[in-house]
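The values are calculated or read from the model by the stated rules, or taken from the named source; none is laboratory data. Since the model is a prediction, treat every value here as computed from it, not as a measurement. Backbone-built Cβ (ideal geometry, glycine too); neighbour counts: all protein chains shown. For the accessible areas, the whole protein counts, side chains as well, though only heavy atoms, and no ligand, DNA or RNA atoms are used. Shrake-Rupley method; radii C 1.70, N 1.55, O 1.52, S 1.80 Å.
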Amino acid sequence: MTSPDGSLGVGLIGTGYMGKCHALAWNAVRAVFGDVARPRLEMLAEVSEDLARQRALAFGFARATSDWRALVNDPAVDVVSITTPNAFHPEMAIAALQAGKHVWCEKPMAPALADAQAMLAAARGSGRIAVLGYNYIQNPAFREITRMIGDGAIGEPIQFRAEMDEDFMADPEQAFFWKSEASSGYGALDDFAVHPLSLAHRLFGKAERVFCDMAKPYATRPLAEGGRRAVETHDMANVLLRFSGGLQASLLVNRSAWGRKGRIALQVFGSKGSILYDQERMNEIELYRATGDPARQGYTRILAGPAHPPYASFVPAPGHGLGFNDLKVIECRELIRLIRGEPASLITFEEGIEIERTVHAAARSFASGGWEEVG
Ligand SMILES: NC(=O)c1ccc[n+]([C@@H]2O[C@H](COP(=O)([O-])OP(=O)(O)OC[C@H]3O[C@@H](n4cnc5c(N)ncnc54)[C@H](O)[C@@H]3O)[C@@H](O)[C@H]2O)c1
């Protein structure tokens with residue numbers, strides 16, 4: 001149970017890319033923000049006892065297990081970070097919620113919509129907090145973009161474009177791994193497109209209609225044990241959307257895009273200007289305002305700094321920049337606030353299900369060849 005000082009007991013399942021990111025956030029959140037109790041890092045779960053012990057030592061967790069069910073049922077654990085491959089999210093999140101724990105689950109919710117709906121039902125039934133790891137909404141630069149649009153800095157938004165590209169699967173000889181298995185979902189659609197969708201959701205509300213094309217650039221990939229296996233997911237997807245209110249949007253995503261390392265490029269066009277942003281330059285916003293002398297119009301580059309909360313909690317000097325892992329620290333603090341009953345900006349399972357519905361409508365569109373209602 002939560003301690004008298006309000007500190008939360010933390011359980012972490014999975015210690016790969018995102019597991020380490022969550023662990024860093026739980027370790028740093030008190031030092032960065034000062035207004036939350038230091039979390040108690042109670043228990044960590046991995047696939048083997050050995051790996052769990054190694055990671056618990058490195059990440060500062062008191063106990064290690066190869067049995068994630070023991071972790072979700074442990075009385076000292078109040079909140080469970082779920083950072084395992086997508087296929088595990090439903091079973092782990094539902095078990096944790098049923099054991100009375102708060103849940104911080106990585107995106108996407110689940111490969112199947114019915115499983116995501118079961119996760120939402122478990123969250124509602126438990127009365128516990130259940131949120132998803134949509135870290136990009138936490139970026140102070142993105143919060144400033146939200147404020148700019150809200151303030152009318154670019155007038156009425158008329159179009160949103162997003163491209164998300166990385167090259168970790170660009171090599172045709174990249175080994176087959178869980179992201180190439182159908183059990184992980186559709187591919188780039190639910191691996192990548194959900195991120196810019198989370199941003200679009202925050203800016204413009206729900207998507208109403210979608211049209212989608214997906215592609216597999218490489219039919220097979222090599223197996224670590226020898227031979228090749230047919231790729232079951234699509235590494236590329238192009239999606240057209242209409243949001244409620246009529247706003248036109250497009251999402252182009254590719255995890256086989258040589259040269260792109262961490263691109264989430266946004267363009268928002270409005271009746272009086274436009275905003276550009278790219279996660280590869282995550283501390284910069286470009287703002288164009290169609291006012292004044294046309295001879296001096298152009299994009300203004302705005303660097304993140306203490307004027308963009310909560311940047312100053314990390315570093316007092318403007319232009320020095322935050323990094324990807326810092327977004328999880330902000331997300332972690334928001335989660336603690338939500339658990340304490342305070343206002344917080346997070347994508348809960350309630351909002352996350354709308355993102356899932358959009359993804360599944362996009363997949364239906366790919367199958368039908370026509371526009372689909374998100375419903
Ligand atoms: N929010 C983001 O920006 C972001 C970025 C990357 C990945 N993700 C999401 O994070 C999740 C994990 O992705 P990743 O890239 O960290 O994967 P990963 O393969 O690096 O790590 C997954 C870890 O889970 C462990 N694991 C698997 N089954 C387990 C079990 N039954 N019990 C305990 N541990 C188990 C694996 O051993 C591995 O260490 C995915 O859902 C992915 O979509 C989110």
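General observations
- Asp78, sole failed condition from (1) open to solvent by 40 Å² or more (accessible area, probe 1.4 Å); (2) away from the ligand (no atom under 16 Å from the Cβ); (3) of a type in the set (D, E, K, R); (4) farther than 26 Å from Arg242 by Cα: (1)
- Of all residues in segment 147-202, those being within 16 Å of the ligand (Cβ to nearest atom), open to solvent by less than 30 Å² (accessible area, probe 1.4 Å) and in contact (Cβ under 8 Å) with a residue 60 or more places away in the chain number 21.
- Of all the listed residues (Ala52, Ala25, Ala95), the sole one being open to solvent by less than 10 Å² (accessible area, probe 1.4 Å) and in contact with a helix residue (DSSP H, G or I) (Cβ under 6 Å, 6 or more places away or on another chain) is Ala25.
- Selected residue (only one of Ser126, Ser81, Ser48 is closer than 25 Å to Glu181 by Cβ, hydroxyl-bearing (Ser, Thr, Tyr) and free of Cβ contacts under 8 Å to residues at least 60 places away in the same chain): Ser48
- Within segment 84-97, tally of residues that are β-branched (Val, Ile, Thr), over 14 Å from Ser184 (Cβ atoms) and touching a residue at least 60 places away in the same chain (Cβ under 8 Å): 0
- Some residue of segment 208-224 being in contact with a Phe, Trp or Tyr (Cβ under 8 Å, 6 or more places away or on another chain) and closer than 23 Å to Leu346 by Cα: yes
- Qualifying residue in segment 221-244 (condition: within 20 Å of the chain's Cα centre (by Cα), charged (D, E, K, R), assigned to a loop (DSSP other than H, G, I, E, B) and buried (at least 20 other Cβ atoms within 10 Å of the Cβ)): yes
- Checking Val36 against (1) touching a helix residue (DSSP H, G or I) at 6+ places or on another chain (Cβ under 7 Å); (2) within 19 Å of Val131 (Cα to Cα); (3) assigned to a helix (DSSP H, G or I), the condition it does not meet: (3)
- Residue count for segment 1-17 under the criterion of being closer than 20 Å to Ile94 by Cα and open to solvent by 30 Å² or more (accessible area, probe 1.4 Å): the result is 1.
- When residues in segment 136-146 are screened for being under 19 Å from Ala237 (Cβ atoms) and away from the ligand (no atom under 16 Å from the Cβ), 0 of them pass.
- Members of segment 39-49 that are more than 14 Å from the ligand (Cβ to nearest atom) and exposed (fewer than 15 other Cβ atoms within 10 Å of the Cβ): none
- For segment 183-204, the condition holds for at least one residue, the condition being that it is touching a Gly at 6+ places or on another chain (Cβ under 9 Å), farther than 18 Å from Met214 by Cβ and aromatic (Phe, Trp, Tyr).
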